[in-house]
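Heads up: the structure comes next, in C-alpha cells.
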Amino acid sequence: MKYAKERKEAVLRKMLPPSNRSIQEIAAEESISEATLYLWRKAARGERGGCCQTGRRPRKGGDLRTSTRSYRSG
C-alpha cells in the first residue's frame with residue numbers, strides 16, 4: 001500500500017519529542033504494520049544525514065568521523 005508523504009511525515013512526528021510514542025502504539029493506532037514504521041524511521045534517519053550516512057550516533061566519548069588510523073603509530 002502506498003501512503004501519502006504528508007501522512008508518513010505526520011506519523012513519523014509521533015515518534016519524536018515531545019510525544020515519543022512507540023512504534024507498537026503508532027502501528028495499532030494508525031493501522032500500519034510495525035515493519036513499515038521501522039522502514040519509514042530508518043529512511044527518515046538516512047535523510048537527516050546521520051553520521052557517515054549510516055544513521056548511527058557517535059560513540060560516547062568519541063566521534064565516528066575520527067579515523068582509527070590517526071591513533072596508529074608508524
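The values are calculated or read from the model by the stated rules, or taken from the named source; none is laboratory data. Keep in mind that this is a model prediction, so the values were computed, not measured. When we count neighbours, we look across all protein chains shown, and the Cβ atoms used for this are built from the backbone with ideal geometry, even at glycine.
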Residue pairs qualifying under the 8 Å Cβ cut-off, at least six apart or on distinct chains, with the first in segment 32-51 being closer than 17 Å to Leu16 by Cβ and the second being β-branched (Val, Ile, Thr) and modelled with pLDDT of 95 or more, are Ile32/Val11; Ile32/Ile26; Leu37/Val11; Leu37/Ile23; Leu37/Ile26; Tyr38/Ile23; Trp40/Val11; Arg41/Ile23
Note on segment 1-29: residues charged (D, E, K, R) and either surrounded by 11 or more Cβ atoms within 10 Å (Cβ to Cβ) or closer than 14 Å to Arg41 by Cβ (or both) are Arg7, Lys8, Glu9, Arg13, Lys14, Arg21, Glu25, Glu29
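How about segment 9-49: which of its residues are part of a helix (DSSP H, G or I) and of a type in the set (Val, Ile, Thr)? Lay out the reasoning, then the answer.
Step one: list which residues in segment 9-49 are part of a helix (DSSP H, G or I), which gives 9-13, 23-30, 34-47.
The answer is Val11, Ile23, Ile26, Thr36.
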